[in-house]
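Below is one structure; the comments refer to it alone.
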């Protein structure tokens, strides 16, 4: 960074964005992190007023005036950064007065990760609610005519002439079997809405062990499931069967994604439990939360569906129904929790957060 203040060059080593303003609010210094955050070079930034870069820049101007007069030691402010052809970025800012007439105000800027997380959770929750209504309505619309189609095929089979019964029965059986397959699909769609939420004391490690035993029975060779448990996690009130099904859906998907590694004998899954403190879930702050990770060393989720993996009927696997993760998300939401996912080739990490007492 070329500036008239060589003593500041060490600030380029910081990961957080640092900007220094002159008495008129102009930018006289910006470190490399600030250039990256604001997506502009210092040469360009030095021709602008910082407040002009933000949608709520008037709030920053007011704080700048107070800082010039040393009315506070430091103050914090959430700003909204304008970005060309992209969504605005939430930025948390700390404003600090300096005892230097040439550089009277220093600002430290960071992406507001918490706000971004809250916004993402809110979008996911709204989408989940819309998905549930869509699924429920769609399933009921399919269910009624489906029964009629199956019944008509059965009646038709009874009316078939004896001499053509063998060859024509093949067609009626196709109709009946496909109707049954669709009925099974509809039942899965309606499952979360049919069964009552049975609340009892849940030990999350009993849930993990149940799922682990089921998966190991299906994949006895080539797959290792490692346990990394925090045994101090307390029991909590919840529906044990729903949580088993939610975890089983995620772990089963992971195991199926590992099919090539399982054949090679190096498929690996990790079940990790921890306690997170001071967690915000759906705009509610909780002192403690279960932090459960399901990690696999598979190929990762295709980038084009990573943002849609919890939508119904979206699957990254040929022949997949696209309902497993949707149902898992529904069951976790019923426990006031959330599911998050980070994926790259070689590591996919599903994270379940559920409030603890």
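The values are calculated or read from the model by the stated rules, or taken from the named source; none is laboratory data. No experiment lies behind these values; they were computed from the predicted model shown. Virtual Cβ from ideal backbone geometry, glycine too; neighbours counted across all protein chains shown.
Looking across the range 267-279 at every residue that is at pLDDT 90 or above and more than 19 Å from residue 207 (Cβ to Cβ), the one that is surrounded by the fewest Cβ atoms within 10 Å (Cβ to Cβ) is identified as 268. Kindly establish whether residue 262 is at pLDDT 90 or above, closer than 17 Å to residue 205 by Cα and crowded, with 17+ Cβ neighbours inside 10 Å. Criteria not met by residue 262. Each residue in the range 279-312 was checked for being over 28 Å from residue 229 (Cβ atoms) and touching a helix residue (DSSP H, G or I) at 6+ places or on another chain (Cβ under 6 Å), and 1 of them qualify.
Selection over the range 14-26 of residues that are in contact with a strand residue (DSSP E or B) (Cβ under 6 Å, 6 or more places away or on another chain), farther than 12 Å from residue 110 by Cα and assigned to a loop (DSSP other than H, G, I, E, B) gives a count of 2. Within the bounds of the range 315-325, is there any residue that is surrounded by 15 or more Cβ atoms within 10 Å (Cβ to Cβ), modelled with pLDDT under 90 and over 30 Å from residue 265 (Cβ atoms)? Checking the range 315-325: at least one residue is surrounded by 15 or more Cβ atoms within 10 Å (Cβ to Cβ), modelled with pLDDT under 90 and over 30 Å from residue 265 (Cβ atoms).
Being modelled with pLDDT of 85 or more, in the same structural domain as residue 26 (by TED's automatic domain parsing) and over 15 Å from residue 30 (Cβ atoms) is a description that does not apply to residue 84.
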